[in-house]
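I have placed the structure first, in the form of structure tokens, so that the comments after it can refer back to it.
The values are calculated or read from the model by the stated rules, or taken from the named source; none is laboratory data. Quantities reported herein were computed from a predicted structural model and do not represent experimental measurements. Here Cβ is always computed from backbone atoms with ideal geometry, including for glycine, and neighbour counts include all displayed protein chains. Just the protein is used for accessible areas: all its heavy atoms, side chains included, with ligands, DNA and RNA removed. Shrake-Rupley method; radii C 1.70, N 1.55, O 1.52, S 1.80 Å.
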Amino acid sequence: MLAKIHSGSVQGVDGLAVEVEVDIAFGLPSFSTVGLAEGAVRESKDRVKAAIKNSGYEFPNRKITINLAPADVKKGGTGYDLPIALGILAAAEVFSSDLLDLYGVTGELSLDGRVRPVPGILSMVLAAREMGLRGMLIPRENISEAAIVTGIDIIPIEHLHQAVEFLAGLNEIEPASVDIDAIFSKSDKYDVDFSEVKGQEHAKRALEITASGGHNVLMSGPPGSGKTMLARRLPTILPDLSFEEALETSKIYSIMGLLPKGKGLMTTRPFRAPHHTISDAGLIGGGQIPRPGEVSLAHNGILFLDELPEFKKNVLEVLRQPIEDGNVTIARAATSLRFPARFVLICALNPCPCGHRGDFRHECICSPIQIKRYENRLSGPLLDRIDLHLEVPAVPFKEMSSPKDTESSAAIRERVCRAREIQKKRFQKRKKIFCNSQMTNKDLKQFCLLDSPSHHLLEQAVDQFGLSARAYHRILKIGRTIADLAGSKNILTEHIAEAVQFRRLDRKKM
């Protein structure tokens, strides 16, 4: 007899509908799985057989064939255990049900029949809703993330026999639900604040511009000047995630199994700080079955690269495409997958190998050749894609020892949110643009018009510093953000002047 069970998989960050077909025929006892099943899926036969027997059902001693459709897409993971077991029991006529066509099923089985959680459940439930299914049977431990999706019944399952009894109509299970508003109201509070940063007013201003327009920033300064401290406080002044952004980010963390336990939705912007020994696949994503990398885990948040010159050059160069496009495309012989990667890049580095060039407290011991070799670890095209170049000098003792608190994150965040609201209204007709840093050349012509004095100042800067076309466009974007912070409809001369002085590395070439 033949049985069909709706299930799901993950392709990239999106859910993929998979139909599990189970055929039981007369012949020598065997158990075969077809449909490009990976190792964990092929091993399911032993888990399924033990789970069925230990749940009190008889395992059919016949020829069993499992097909995972579509058969031309690789299937991985352990989420097919429960649908395969239910398909075998349905094909063996242990139970009959009219609900198999209405519900999707996913879950890993332990040998005693208990249902274990699986990663990527959020994407699968979204795919099931798009298919028009009434509901989905999922492991109970996955409730917090699956119940975020509305418009589909989420049926929590703890044991194989529960799923059988529910589908057979012998046991009613109340669909799970969560209060999304309550989740956002209980979002994590930050343990750090800008009020703890002494001095560095110039750097704080730059990070305020960064947060307001979604710009990338590079900080250069001696050890202990506060670069890492500043970077880790940037999330505290960013606007809250919208529900759509939280859902996008949560899908990525769900696939990687990184959602906090008992929390089904990312409600704060991610902050990722990979070590400089990371590989290009770890940063961008990849693998035999491509998985998201750090740039995707930082989607809608911050990617912080400390000690930037210590990263391998080939690792840094692969950042160019996601910085420009906001996504990563990973191509393989059999498939090509796209992962979202729209993040704010924060980089930190020392001015020289010893770290003390320009430090009034210490003498630099590096030779000019050592300094040049150190600087050459970073390519011009990569630095050109970073909007703000910022010097972070050492903090004088008088400022460092001052008992007076500086401006808090809440006060800075209020100004950032006002600037973001201006941008939201400006780009309300553009679906893929949310802040100034994402403007295209067409948008620059429409929203970044300059008066004659501003145009003349920018022309002088381009000629004197030999700026590239990309640097010119980034100055316009920064100027637009500074104008938004000032509540100005037009970009004025002082806005362009402030934007130009943030291109420190361009001035250094002269």
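The table below gives the values:
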| read-out | value |
| --- | --- |
| Only listed residue being in contact with a helix residue (DSSP H, G or I) (Cβ under 7 Å, 6 or more places away or on another chain) and acidic (Asp, Glu), chosen from Asp463, Asp484 | Asp484 |
| Hits in segment 273-283 (condition: in a helix (DSSP H, G or I), within 11 Å of Leu316 (Cα to Cα) and open to solvent by 20 Å² or more (accessible area, probe 1.4 Å)) | Asp280 |
| Residue count, segment 341-375 (criterion: open to solvent by less than 30 Å² (accessible area, probe 1.4 Å) and either out of contact with any helix residue (DSSP H, G or I) (no Cβ under 6 Å at 6 or more places or on another chain) or of a type in the set (Phe, Trp, Tyr) (or both)) | 10 |
| Residues that are free of Cβ contacts under 8 Å to residues at least 40 places away in the same chain and open to solvent by less than 60 Å² (accessible area, probe 1.4 Å), drawn from segment 403-418 | Ala411 |
| Qualifying residues in segment 1-30 (those that are open to solvent by less than 40 Å² (accessible area, probe 1.4 Å) and more than 34 Å from the chain's Cα centre (by Cα)) - the one farthest from Glu294 (Cα to Cα) | Ala25 |
| Tally of residues being among the acidic types (Asp, Glu) and either open to solvent by less than 20 Å² (accessible area, probe 1.4 Å) or assigned to a helix (DSSP H, G or I) (or both) across segment 388-402 | 1 |
| Selection from segment 228-254 of residues that are in contact with a Lys or Arg (Cβ under 6 Å, 6 or more places away or on another chain), buried (at least 21 other Cβ atoms within 10 Å of the Cβ) and assigned to a helix (DSSP H, G or I) | Ile237 |
| Helices (runs of 4 or more DSSP H) wholly inside segment 136-223 that include at least 3 residues being modelled with pLDDT of 95 or more and either more than 30 Å from Gly8 (Cα to Cα) or not polar (S, T, N, Q) (or both) | 160-167, 201-213 |
| Segment 99-125 - residue that is among the hydrophobic types (A, V, I, L, M, F, W, C), surrounded by fewer than 24 Cβ atoms within 10 Å (Cβ to Cβ) and at pLDDT 95 or above and, of those, nearest to Lys4 (Cα to Cα) | Leu102 |
| Some residue of segment 211-226 being touching a Phe, Trp or Tyr at 6+ places or on another chain (Cβ under 8 Å) and closer than 30 Å to His495 by Cα | yes |
| Counted residues, segment 45-84 - those being assigned to a strand (DSSP E or B) and open to solvent by 10 Å² or more (accessible area, probe 1.4 Å) | 4 |
| Filter result (open to solvent by less than 30 Å² (accessible area, probe 1.4 Å), within 25 Å of Gly120 (Cβ to Cβ) and among the β-branched types (Val, Ile, Thr)) within segment 289-323 | Val295, Ile302 |
| Which numbered condition Arg418 fails, given (1) within 30 Å of Arg357 (Cβ to Cβ); (2) in a helix (DSSP H, G or I) | (1) |
